[in-house]
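What follows is one structure encoded as structure tokens, with my remarks underneath.
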Amino acid sequence: MNNKVRLTEYIKGSRLQCVLAPLFKMAEATLELFVPLVIASIIDTGIAKSDKSFILQRCGLLVLLGIIGLAFSITAQYFAASAAVSFVKRLRHALFEKISLIPFDKLDSVGTSTLITRMTSDTDSIQNGINLGLRLLLRSPFVVFGAMIMAFTVDANAAMTFVIVIPALSVVVFGIMLLCIPLNKKVRAALDKVLCTVRESLTGVRVIRAFGKEKEQVEEFENRNSALTAIQEYTGRISALLNPLTCVIINIGIAVLIYKGAVRVNSGLLSTGAVVALYNYMSQILVELIKLANLIITITKSAACASRVRDVLALDNEENSPSFSSDENSPVVEFENVSFAYDGSNENSLEEISFKAFKGETIGIIGSTGAGKTTLINLIPSFYKTSCGAVLFRGMDVSSISKEKLRNSIAVVPQKAILFKGSIRKNLLWGNGNATDDEIYSALETAQAKDFVHEKGGLDAEVEQNGRNFSGGQKQRLTVARALIKKAEVLILDDSSSALDYATDAAMRKAISEKYPETVKFIVSQRTSSIMHADKIIVLEDGKAEIGTHDELMKTSEVYREIHLSQFDGEVTG
């Protein structure tokens, strides 16, 4: 894992805004620090001497300071918002790109729901933290210490109160901040669990209702939501101490300041305007520390979110060798004593599997649920790395081949038919962006999908999200057509005809064999009728393989024979 990932590199392109935003805020704060002195002069000179002209001049100065300060504040807000939005835009792009390059085993361990959280709410929190930080992170401390310094210019003796109050406030603010940082990380982890439950429930809503498990799902959600609420409430209670504690300290400081000021006014050592100025400076400190306290809470949340995003960006990408020099005389695909185990598993999903697939051959793969069929075919395009042994493509280990070139040579129809929102044409062009309409229709005809595409309105017919306006069988045939358009050396059909009737399945397999005679075809199926005419059949059971033709396996493989006989009587083979 790369631990040197720094989110600061995504600030490039917004550095000027990051400098200008706090500068304009500090300029506004500087003007604000002069306001108490102007008010003091109004009291000590204008009111004391009944000089209306002086009072009007100073009031005009206050208005001018307010207008200029407002202009500075608006400008600072613009630059801060621009920097924050630009930063998060680049960060999201990088995060999305990273997710597309993370190996499958890492994706499995991280989980989809947490990646969605990190792409959305976590980056939003980071954006909010940057926006507020650029405006207040320098401004608030500047006003606090600036007010203290200005107080000393008014009266050093009374201003000693500031020297005691500010360190006390700093202890409270930073103490609570240090407590909240790890708690906010726990909050985000609990939120991941809630989102995981929601995602599973929404994805499997039909299954949940079919089995009457609504009550159990609601209870699971309530449990995880209660856990999230509990940690949020605990974190909130600690965070909530910030404002009252700072207010108590400040108000005690104000009381002491007023008492000292009153004594010194009675002694003739201090003017009334000076006491008002000192009070205003203390009030400024109170306001700024409340802002700073809220900022600290926001920043701790943002820091926790930034850490989570950084963890994803620090994950290793798929290894991608630029070389690809294959041996044309070698088998197209070869497994050499391949064993594989998923991360965290103590048992192998595949055990010492060896076979060769030559040009034009059809390889059938069959076995019980969980036997390792999908795992096996996922090793061919190097979605996962073998634990032992090697998978070869044209004589080269797939781990040493450029992933782009390897996968351009392989077309995969996954077990779950996935379509994307858009048009039929747009979905099919994933297989080959340069395909003509004739090529598309040829692939649709081979996949037995041409007729219903015409009925839907042709290639420009709308595909809704996840293809929900198509039946399961229609989606499977469209995904097969998408793979065929690629015209790859290897075609992998992972149980891609499970929703088709036997006649359509047989017609599609026959058309593929006739139109793509040189393509190596891997067919994963639960039906022996779909693979019984294959050149080789791999029977998987508990990760171990028996390999042979249909006739051979009927004699030597008890597992294959049982599967075939259980289906044969009620099935028309083809």
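The values are calculated or read from the model by the stated rules, or taken from the named source; none is laboratory data. All values derive from a computational prediction rather than experimental measurement. Heads up, the Cβs are rebuilt from the backbone with ideal geometry, glycines too, and the neighbour counts pull from every protein chain shown.
With 321, 354, 302, 307 as the choices, which residue is of a type outside the set (D, E, K, R), at pLDDT below 85 and either surrounded by fewer than 14 Cβ atoms within 10 Å (Cβ to Cβ) or outside the structural domain of residue 492 (by TED's automatic domain parsing) (or both)?
Working: 354 fails: at pLDDT below 85; 302 fails: at pLDDT below 85; 307 fails: at pLDDT below 85.
Exactly one of 321, 354, 302, 307 is of a type outside the set (D, E, K, R), at pLDDT below 85 and either surrounded by fewer than 14 Cβ atoms within 10 Å (Cβ to Cβ) or outside the structural domain of residue 492 (by TED's automatic domain parsing) (or both), namely 321.
Each row is one residue, and each column tells you yes or no for (1) within 20 Å of residue 520 (Cα to Cα); (2) hydrophobic (A, V, I, L, M, F, W, C).
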residue	(1), (2)
405	yes, no
429	no, yes
433	no, no
436	no, no
446	yes, no
451	no, no
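Have a look at 79, 72 and point out the one that is assigned by TED's automatic domain parsing to the domain that holds residue 153, closer than 29 Å to residue 304 by Cβ and among the aromatic types (Phe, Trp, Tyr). It would help to see each step written out before you state the result.
Details: 72 fails: closer than 29 Å to residue 304 by Cβ.
Checking each option against the conditions leaves just 79.
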Looking only at the range 376-385, decide whether some residue is of a type outside the set (A, V, I, L, M, F, W, C) and free of Cβ contacts under 8 Å to residues at least 60 places away in the same chain. no
Residues of the range 346-376 satisfying the condition of being of a type in the set (A, V, I, L, M) and out of contact with any Leu (no Cβ under 9 Å at 6 or more places or on another chain): 357, 363
Assuming residue 388 fulfils every condition listed in (1) touching a residue at least 60 places away in the same chain (Cβ under 8 Å); (2) over 21 Å from residue 411 (Cβ atoms); (3) in contact with a Ser or Thr (Cβ under 7 Å, 6 or more places away or on another chain) apart from one, which condition is it? (1)
So residue 138 clears everything in (1) surrounded by 17 or more Cβ atoms within 10 Å (Cβ to Cβ); (2) in contact with a Pro (Cβ under 8 Å, 6 or more places away or on another chain) except one condition, right? Which one? (1)
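Among the residues of the range 12-57, which ones are within 30 Å of residue 84 (Cβ to Cβ) and modelled with pLDDT under 85? Spell out the reasoning first.
As a first pass, look at the range 12-57 and keep what is within 30 Å of residue 84 (Cβ to Cβ): 12-35.
Scanning the range 12-57 gives 12, 13.
If you check 546, 514, 518, which single one turns out to be in a helix (DSSP H, G or I) and either in the same structural domain as residue 440 (by TED's automatic domain parsing) or touching a Lys or Arg at 6+ places or on another chain (Cβ under 6 Å) (or both)?
On the way: 546 fails: in a helix (DSSP H, G or I); 518 fails: in a helix (DSSP H, G or I).
Of 546, 514, 518, the one residue that is in a helix (DSSP H, G or I) and either in the same structural domain as residue 440 (by TED's automatic domain parsing) or touching a Lys or Arg at 6+ places or on another chain (Cβ under 6 Å) (or both) is 514.
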Among the residues of the range 368-410, write down those that are out of contact with any helix residue (DSSP H, G or I) (no Cβ under 7 Å at 6 or more places or on another chain), farther than 30 Å from residue 564 by Cα and part of a helix (DSSP H, G or I). 399, 400, 403, 404, 405, 407, 408
Looking at the range 489-508, which of the residues that are under 32 Å from the mean Cα position of the chain (by Cα) and part of a loop (DSSP other than H, G, I, E, B) is surrounded by the fewest Cβ atoms within 10 Å (Cβ to Cβ)? 495
Of all residues in the range 424-455, which are crowded, with 23+ Cβ neighbours inside 10 Å and farther than 22 Å from residue 513 by Cα? 424, 453
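I want to confirm something. Restricting to the range 1-60 and keeping residues that are in a helix (DSSP H, G or I) and among the charged types (D, E, K, R), which single residue is surrounded by the most Cβ atoms within 10 Å (Cβ to Cβ)? Talk me through it step by step, then tell me what you get.
Step one: of the range 1-60, the residues in a helix (DSSP H, G or I) are 7-11, 15-47, 52-60.
Then keep just the ones that are among the charged types (D, E, K, R); that gives 9, 15, 25, 28, 32, 44, 52, 58.
Numbers: 9: 10, 15: 10, 25: 26, 28: 22, 32: 23, 44: 16, 52: 10, 58: 19.
Looking at the filtered set, the residue picked out is 25.
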Pairs returned, first residue in the range 497-520 that is farther than 17 Å from residue 485 by Cβ, second residue that is hydroxyl-bearing (Ser, Thr, Tyr) and surrounded by fewer than 17 Cβ atoms within 10 Å (Cβ to Cβ), beta-carbon separation under 9 angstrom, 6 or more apart or interchain, are 499/471; 502/573; 506/573
